[in-house]
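Undergrad: Take this structure, written in structure tokens, and hold onto it; I'll ask about it next.
A short reminder: the numbers here are calculations on the coordinates, not readings from a lab. In this text the structure is predicted, and so the values were computed from the model without any measurement. Here Cβ is always computed from backbone atoms with ideal geometry, including for glycine, and neighbour counts include all displayed protein chains.
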Amino acid sequence: MELSMSGSSLRTFGRCVTFLARVASELVLQAHPAKLELHTLNSSRSAYGSVSLARDFFDNYHLDAAASAPPSTPLQCSVLLKSLLAVLRTPHAALDRLDISLPEPDAPKLQFTLHCLNGVRKTYWIVCSAEPEVQSLALDRGRFPSRLSIRPRELARLLSNFQSSLQELTIIATDPAAGLPDAGGDVGGKAVELRSYNDPAKDDCETRLHTQLWIDPVEEFVEYVHAGDPVDVTFGVKELKAFLTFCEGCEVDILLFFEKTGEPVLLVPRFGLDNGSTSDFEAMLVLATMTVSQLADSNDAQQPATSAQHNGEPRAATTPSVSNHTKIWSELSGNTPKSFEANRETHAPKKSNAGTSMLDDTSVLPNVTNAPRKPPAADNANNIMQPLQMVHLEEHPG
């Protein structure tokens, strides 16, 4: 196998490697006659990343016919992504092209040659795994009844309201036609909710910040499709941010498919009207989700501003006008929350509570409201990620 790339293809290849390195530690390369596929699966089998590079993606793509026989078995090898990142640490602006070569199907090392613009040539040999565990995951987009599309910068802006240490995120989707019941007019019409998930089994859960965002799909999303009863999915944030950075660098939107609790979510780039038909690369990220729904824990939090009393102290009345902006609510669990409405001119000052912890983030998004959080259900400690069901590709002797 011999291939070379330069220019924008080289930059895209670097983004692909960086994205996959944030998902898992080992990379499996499969060379087909018409494309090169890159696969990775993390050790907990909760995240699977895949990138497919078409033959036209490369300046030169040569696959020995004898090496790929029989046709059903691709040429494959496995390398550590940490080693590959070390090879690509040279700035792309200083590179002319990159050559990749695997002399024999059973060669012990994969060769990378960097041709720099100043005439310097760097050659690296990365050791291949003796018997790579090649796996594939194919998901039909038609099986997912719900989907949403968002621009990477908009998603980054929404995620910036959560703690940087957040590990899992919950998305709650409702039918826009049904609307959210909200007597105060604060979150009505916001069909999507983003919520931070904190594992109650962890010792520091009681000191973590709980944040909820109510989102108007028309305002924030490029596309939103969901009908029927509300559904929720909880998955990892680290892999989501990795895919976000990848799509932002490639200047494409993010398309997220989901079904229900316990079923995997699928993330792919949204290339525009042609849906990627003219693109020379494809990418996919599949994430496992929590098997226990978080909807039961959201009933009290959906209407934080409509609660009549808290700890025997009356709440200030909320402004009746409906805003089209995204709503955010944050609270430190274990502390008595205090309403930010006291900062508004239309409200009179009220008695301070010594046990209250103030969260001064009113400048992030308008109409910030605090509310008591319902304690996690006892069985939430048993929330686990359902491992992805992978398909093993058996290697046949050539």
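Undergrad: Work through the residues other than Leu63 whose Cβ is under 12 Å from its Cβ and net out their charges, Lys, Arg +1 and Asp, Glu -1. Each step should come with its number before you reach the end.
TA: Details: positive: Lys35, Arg55; negative: Glu2, Asp64.
Result for the neighbourhood of Leu63: 0.
Undergrad: If we count every other residue with Cβ under 10 angstrom of Gly49's Cβ, Lys/Arg +1 and Asp/Glu -1, where does the sum land?
TA: 0
Undergrad: Holding the Cα-Cα limit at 23 Å, pick out from Lys35/Lys241; Lys190/Lys238; Lys35/Lys260; Lys35/Lys122; Lys190/Lys260 the pairs that are longer than that.
TA: From the list (Lys35/Lys241; Lys190/Lys238; Lys35/Lys260; Lys35/Lys122; Lys190/Lys260), the Cα-Cα distance tops 23 Å for Lys35/Lys241; Lys190/Lys238; Lys35/Lys260; Lys35/Lys122.
Undergrad: Per-residue HN-Hα couplings for the stretch 215-223, Karplus 6.51 cos²θ - 1.76 cosθ + 1.60 at θ = phi - 60°, whole Hz, x for Gly and Pro?
TA: 10, 8, x, 5, 7, 9, 9, 6, 8
Undergrad: Which shape class applies to the stretch 1-67: rounded if a/c is under 1.5, otherwise prolate when a/b exceeds b/c and oblate if not, where a ≥ b ≥ c are the square roots of the Cα gyration tensor eigenvalues?
TA: oblate
Undergrad: Can you list residues from other chains, or at least 5 along the same chain, whose modelled amide H is less than 5 Å from the amide H of Cys128?
TA: Lys109, Leu110
Undergrad: Okay, next question. Can you tally the net charge around Arg143? Count Lys and Arg as +1, Asp and Glu as -1, for every other residue whose Cβ sits under 14 Å from the Cβ of Arg143.
TA: 0
Undergrad: Which whole-number percent gives the relative contact order of the stretch 1-155, counting Cα pairs below 8 Å spaced six or more residues apart?
TA: Relative contact order comes out at 24 percent.
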